Amino acid sequence: MNPLVRIYEFFIQKQIIGPIIILVVGLLLIKIITHSMNKIFNYGEEGFERKRRVTIIELMNNIIKYFIYILMAIFILDLYGVDTKSIIASLGIAGVIFGFALQSTVEDLISGITIIMNNYFVIGDIVKYNDFTGEVIAMSLNCTKIRKSNGEVYIIANRNINSVINLSQHRAGMLLEIPTAYEEETEKVEKILLQIVEEIKKMPFVYKESKYLGIEKLESSAIHYSILIYCRQDKQWQIKRDIWKKIKITYEKEKIKIPYSQIEVHNGAKI
């Protein structure tokens, strides 16, 4: 017999070609379904609701992958003559056994679903877990990954997340005291600060309730004017830096003095 014919007959056997077809179809099916879910559900308004959908989609994609992997394994075993019907029938008993063996995994899955349903956090949120603060970058069936600003990634089993502080779902209120020299005219300073506050309100993640409060206190070398800024909590530190920069530039432009500590030195002569 021709060697090529032998090779051909070898590869067309169901035990050879079958698993290949099952793997290709299964992986293709996973890709199509996950892509379709991302297309259908990952759209619409921005912010929290969008991030929540992204988290749910990622979790559902993981469940779909595992389900298709199990089906692929059953079909491949069936090709090799394994009695898959008895395997499926015995899944009830096996489920109990696996339930004990994989108890922690089941707890992780249930905890992950609970986290999403109760809006503890979603992908993209800034959270604080114990002493670790960072952004939620991934959430799977069994764990959650949080990345710190320095690049460190904390991987936590979902079952261990019993309390977490979400810094993204609430707004922060920042009281800023702006030291200004006594010789500056009060009405002029207040007018400029009102203008600054209006500009700050137009910044991303800053809320319209932000306002100028007035003179906060009188110190030995400066008058402290105060403004109250409301912003998204996870953005407050950068916003604060941007505000101080804006105030400094505006004061320089308007020639308003920001006092600083000075020391007078006398050489002993009578004054």
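Each reported figure results from applying straightforward, stated rules to the coordinates on display, with no laboratory input. Owing to the predicted nature of the structure, the values given are computational and were not obtained by experimental measurement. Positions of Cβ are generated from backbone atoms using ideal geometry, with glycine treated the same way; all protein chains shown enter the neighbour counts.
In table form, for the structure just shown:
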read-out: Stokes-Einstein diffusion coefficient of the stretch 186-243, Kirkwood radius over Cα pairs, 4 °C, 1.567 mPa s, in µm²/s; value: 106
read-out: Potential lengthening between Lys248 and Ser226 on full extension [0.36 nm per residue; Cα-Cα distance subtracted]; value: 6.5 nm
read-out: Label-point separation, Glu216 to Asn119 (7 Å along Cα→Cβ), nm; value: 3.2
read-out: For the stretch 98-247, radius of gyration divided by Kirkwood radius, i.e. Rg to Rh on alpha-carbons; value: 1.20
read-out: Cβ-derived FRET efficiency at R0 22 Å, Leu71 paired with Ala138, nearest 0.05; value: 0.30
